[in-house]
Amino acid sequence: MCVGTTITMKRPTTATKQLICSTLNICILCSVFVCVFGRKAVKPPDDVGAVLKRVETDDAASENTPTHNALPCSIDTQYDLPKPNLPQPLYVRPNSTEYWLPNEGGFIEVPHDSSIELICTAPFANATTNTAGISRKKRVIRPRCLQGTTFTLNGEKYEFRQFLCTQRVKYTVERTAKTCANNSAQLYRVGYNLTRTHFLETMQVCHDDDELRTHYVRYTLQPANQYYQPGVKRLNFSKAKHFTQYDMNYLYSQRNQQQQATQLLGSEAHAQTCFDKKSLFLSRGHLAAKADMIYATQQRTTYTFFNVAPQWQSFNGGQWATLEERVRAFVKKLKQTVICYTGTVGVMHLRTASGNMRQPYYLSYDKNNNGLLPVPALYFRIIVAAAERAGIVLLGTNDPFATMREIHEEYVICTDVREQVPWLKWMQNREGSSKSGYLYACRVDEFIKMVPILTAELAHVSELLV
């Protein structure tokens with residue numbers, strides 16, 4: 001049988017009751033303190049709407065803050081411009097008379113939020129009568145770089161290649177008040193009239209109006225010239241509102257070349273031996289080469305009779321073409337802008353059938369039988385580092401009939417320094433190949449003593465550009 005157990009508890013005293021009550025009160029207060037403190041320390045997460053609102057506010061604030069680290073717009077001169085035979089505007093630095101030229105890599109860099117100036121002489125092709133966009137009355141606009149190749153203008157976005165003129169911008173040749181070649185010739189400038197006081201120049205020309213000879217043209221070459229705009233079509237050469245008394249196209253024609261040679265040598269049969277249809281004829285030899293200019297608008301200014309001289313095609317397409325290419329490559333490697341002078345020296349002579357007489361060869365004569373439009377004996381190109389007093393002269397013979405002995409005795413007019421210039425290792429002359437031209441190099445200070453037409457401009461160039 002089970003036995004029940006009875007537990008007898010002793011009732012607490014009054015003091016004990018008071019102690020228990022005090023202990024309970026303290027615990028309650030502590031727990032309340034801990035709960036309140038804990039709520040204050042732990043912040044609940046924001047709802048999604050509040051987060052998005054804060055992000056949008058931050059973005060709006062950043063758009064109104066100048067972005068100093070934003071990348072510039074970068075336009076590749078060979079791929080990002082309008083097609084070269086479309087009527088492109090002039091690309092100009094605002095408030096200047098200078099082209100906005102590309103950097104050494106061939107990119108036009110416009111800082112973020114900065115403007116480039118574009119100029120047409122006719123309305124822009126994408127002009128509109130609307131309030132937005134480009135007004136048909138505008139000939140000068142300043143689109144602002146947004147990013148990449150995208151620009152903004154009047155609230156509209158454009159790709160850079162979209163900016164076109166309705167007509168080609170026409171260049172001009174202006175006769176200045178200055179003389180050159182020791183006051184024996186006139187200085188002209190070639191380029192674009194922006195306003196009455198602003199002229200965008202591509203080259204200067206020292207031209208003898210009486211002899212129809214260009215002594216030299218002067219322009220600059222940049223490292224970016226290696227990235228000149230390709231595919232620009234050849235143009236007909238222009239008189240540029242000069243040479244009004246002469247039919248320049250006829251004077252350069254092969255028919256006239258042979259007639260003048262016949263009269264000079266007194267034998268049509270012998271004169272015919274000087275020419276062929278392949279390379280023995282006189283071309284319009286560029287002084288400033290088309291490829292020496294970057295933009296299509298610059299390249300077109302080379303097609304003026306001021307910028308050419310009679311040059312045997314075998315030389316024009318031979319050693320001289322190589323020289324032009326090598327100079328551009330050297331300037332790119334040099335990473336400097338150089339001043340370039342390209343010109344002509346002397347008169348080439350034709351030989352009679354007997355070989356006993358040599359006659360100076362001109363393509364025309366005035367009424368007093370003075371020779372006009374001489375066939376040069378030599379072509380030269382001088383490059384001078386713009387930041388230094390260093391330069392070099394490169395020369396080539398324009399006589400496909402000269403013997404090596406005649407070249408050394410008559411055409412080498414200054415000390416050949418090719419061996420002192422490492423970057424001229426390419427300059428080789430093969431024995432018996434004078435048809436393509438004989439090349440050599442000289443110091444500037446020695447050359448201008450022999451050919452003083454450039455004395456004033458180059459008197460300070462005393463070092464050799466190696």
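No value in this document is a laboratory result; all are computed from the given coordinates. Remember, predicted model here, so these are calculated numbers, not experimental data. Glycine also receives a Cβ, built like all others from the backbone with ideal geometry; neighbour counts cover every protein chain displayed.
Close amide-amide hydrogen proximity is noted between GLU156 and GLY133, each under 5 Å apart and 5 or more residues distant or on a separate chain (H modeled in the peptide plane; Pro and chain starts excluded).
Residue separation of GLU431 and THR179 scaled by 0.36 nm, minus their Cα-Cα distance, works out to 86.6 nm of gained length.
Please go through the residue pairs LYS170/LYS290; LYS335/LYS449; LYS333/LYS425; LYS233/LYS290; LYS333/LYS449 and name each one whose alpha carbons sit more than 18 Å apart in this structure.
Details: LYS170/LYS290 16 Å; LYS335/LYS449 30 Å; LYS333/LYS425 15 Å; LYS233/LYS290 10 Å; LYS333/LYS449 30 Å.
In this structure, LYS335/LYS449; LYS333/LYS449 exceed 18 Å between Cα atoms.
Considering every alpha-carbon pair of the range 105-188, the percent of pairs per 10 Å bin, from zero through the bin containing the longest distance, is 16, 36, 21, 15, 11, 2. Full extension of the chain between ASN126 and SER462 yields a length gain of 115.8 nm, computed as 0.36 nm times the residue separation minus the alpha carbon distance. Approximating the spin labels as points 7 Å out from Cα along Cα→Cβ, the THR172-to-SER267 distance works out to 5.2 nm. Out of all Cα-Cα pairs in the range 378-466, roughly what percent, to the nearest whole number, are more than 15 Å apart? For the range 378-466, the share of Cα pairs beyond 15 Å comes to 58 percent.
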